[in-house]
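Okay, structure first, notes after.
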């Protein structure tokens, strides 16, 4: 039926958004929290591990290099203590010593020189032509003559090649003399250069002035970076290793690990890109992020799906509830109107009965002789007849009202719907002819038997047919009756091509006492009763109408189900 | 045949008055009562009443209860129920309880007359049968002795 009331507007989109938000928040928050905590802890412990590893590495090499220097110094010291200035001043003897050293320790020692207190090299053994060179003005000589032994920084010297030297001072006849050994720079460089970790990890040595003592694998800017800060730090313990992480001049984050060598003169620096050092961690981080993002996406889409479904379900339930509410209101309205109608019918019935009896009494009296000759006898008789007719009409109305109110239950029986409809069409045929209406039928054969009250169903369809005929009374037209099975229902259509029902009236046609017929022609109860009967059967009655085109009523009657049949005592 | 003695029971005084006039005009002797109790009392005085025309819907003791009492006290008296449409069920119940028939208000006078006549005839037949039975009984008793 067409009673679409203004629907209560529930804000479904807001509800929907709230759902999504809650689901996402509840699911993603713990995921992010757990992942965050685990990643943080992992990050910390991994950093510690890497730092410890690098510190160990640097410390080991520091000891290695220190050991190397001490050993070389020891070699030369042994040489100075074992042989006298005189012996060593002999160049051929010196050459033998060099060969001996090179044989014993490899080509680490490049050359040997013996220098007197004036800085004159009295003897030289080695690949360069440095015999009788005067070192009195060389920087290293001044230091060497003052100290018992010296390991110099790297310098170019007379030969024009980077190298460093080890000197040992001794006395001969009251004069200081020095034996000097050049350490092979390449061999030394390899000690440091071999420290390689990952792709960007490398090491080098620099002195306190920030000058590089070995050739670093990559470019290093000694005046930038933390190197000088390392220099300033006081050496607390011999094996102290310092670690910092900071950005270099190119904006890359580096790890710097530093340890002092040679009693604090040199600094062994190991540096590596942080991204390289923590590459394992980065990889784990990337995987974790990928999982979080994928999980987030999955959660979001699930939230969206679930919320959509839920919103849809809620909307549908609301709609169903609304429809049910409307039906309840409708039923309630009809019921209350029914009670009212019953009351009115009773109240009216008695006075009408009295009136009719009084009229009957007058009729009885008119039979008597005295009145037979009365000149107005005909008029009296006409008036009384009219009273009786109108009284009967009142009775009809009250009967209809009462039948509406009391839901005339009839016995439920098996009904051949098509046969019944044919009968009704036959009954109505005479009236249709007067109104110039042709009735066409289009019934689906082999309809299943219905288990309903035949008389009630007759009442419904007779009512619909009569309404249709009334509508087409003046114009004539066509009445189409049809029946067919649709799902669990039999649908009967009663279609006319009469004037149609105005939109404003369409929603009211099932209301009791609503009628568009002339006063006295209709009670406005017919469709209301039909509605009640069909609803009681568990069916539906629906109307579609277009003004000037026609009106179609669809009655849906449920097919018999496997349920216990209620035997209702027939009335009348 | 003797004119039937009819009692009309209804709480609507004007209805009763008019009906009495119309029924008397049709040669019936009519007693009236406006409540169930009144009807029972009156019947106690007029045991020869043939038919009671009884309205189903009355205040106080209603038609059905009155009918039960009548049938208990005066089983031979026939009762025609008079009802509005809404109380058809009670009319049917009444018939189960022994009422002769029912009519709907406002009723057609001819119909009412027919029912009253039929009811009266039935009552008379009953009375006849009872008489016959008594005679037979008396005879048989006599015969045995």
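The values are calculated or read from the model by the stated rules, or taken from the named source; none is laboratory data. Worth saying up front: this structure is predicted, and the values here are computed from it rather than measured. Because the Cβ atoms are built from the backbone with ideal geometry, glycine has one as well, and the counts that use them run over all protein chains shown.
Tell me whether region A:306-327 contains one or more residues that are within 14 Å of chain B (Cβ to nearest Cβ), under 30 Å from residue A:528 (Cβ atoms), assigned to a helix (DSSP H, G or I) and at pLDDT 80 or above. Talk me through it step by step, then tell me what you get.
Residues of region A:306-327 within 14 Å of chain B (Cβ to nearest Cβ): none.
The answer is no, given that none of the residues of region A:306-327 is within 14 Å of chain B (Cβ to nearest Cβ), under 30 Å from residue A:528 (Cβ atoms), assigned to a helix (DSSP H, G or I) and at pLDDT 80 or above.
In this structure, is residue A:167 closer than 22 Å to residue A:214 by Cβ, out of contact with any helix residue (DSSP H, G or I) (no Cβ under 8 Å at 6 or more places or on another chain) and part of a strand (DSSP E or B)?
No, not satisfied.
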Filter result (away from chain A (no Cβ under 13 Å) and at negative phi) within region B:88-115
B:94, B:97, B:99, B:100, B:101, B:114, B:115
So residue A:187 clears everything in (1) touching a residue at least 60 places away in the same chain (Cβ under 8 Å); (2) touching a helix residue (DSSP H, G or I) at 6+ places or on another chain (Cβ under 7 Å); (3) surrounded by fewer than 17 Cβ atoms within 10 Å (Cβ to Cβ) except one condition, right? Which one?
(2)
Considering only region B:25-36, I want to know if a residue exists there that is buried (at least 24 other Cβ atoms within 10 Å of the Cβ) and touching a helix residue (DSSP H, G or I) at 6+ places or on another chain (Cβ under 6 Å).
yes
I need every pair where a residue in region A:438-449 that is more than 8 Å from residue A:479 (Cα to Cα) has its Cβ under 7 Å from the Cβ of a residue that is part of a strand (DSSP E or B) and modelled with pLDDT under 85, sequence separation at least 6 or different chains.
A:449/A:414; A:449/A:415
Checking A:498, A:524 in turn, the sole residue that is assigned to a loop (DSSP other than H, G, I, E, B), in contact with a helix residue (DSSP H, G or I) (Cβ under 6 Å, 6 or more places away or on another chain) and more than 18 Å from residue A:323 (Cα to Cα) turns out to be A:498
Taking region A:403-422 and keeping residues part of a helix (DSSP H, G or I) and at pLDDT 80 or above leaves A:417, A:418, A:419, A:420, A:421, A:422
Do we find a residue being within 20 Å of residue A:71 (Cα to Cα) and assigned to a strand (DSSP E or B) anywhere in region A:113-126?
yes
Kindly indicate the residue of region B:70-94 that is in a helix (DSSP H, G or I) and modelled with pLDDT of 80 or more and also surrounded by the fewest Cβ atoms within 10 Å (Cβ to Cβ) among those meeting that condition.
B:72
Residue A:114: farther than 24 Å from residue A:135 by Cα and more than 60 Å from the chain's Cα centre (by Cα), yes or no?
no
Return yes when residue B:118 is away from chain A (no Cβ under 14 Å), under 30 Å from residue A:391 (Cβ atoms) and surrounded by 16 or more Cβ atoms within 10 Å (Cβ to Cβ) and no when it is not.
no
So the strands (runs of 3 or more DSSP E) completely within region B:1-67 holding 3 or more residues that are away from chain A (no Cβ under 14 Å) and more than 26 Å from residue B:128 (Cβ to Cβ) are none
Would region A:369-385 turn up any residue that is buried (at least 18 other Cβ atoms within 10 Å of the Cβ), closer than 30 Å to residue B:26 by Cα and at pLDDT below 80?
no
Can we say residue A:456 is on the phi < 0 side of the Ramachandran plot and at pLDDT 85 or above?
no
Tell me yes or no: at least one residue of region A:369-381 is more than 12 Å from chain B (Cβ to nearest Cβ), farther than 16 Å from residue B:15 by Cα, touching a helix residue (DSSP H, G or I) at 6+ places or on another chain (Cβ under 9 Å) and in a loop (DSSP other than H, G, I, E, B).
yes
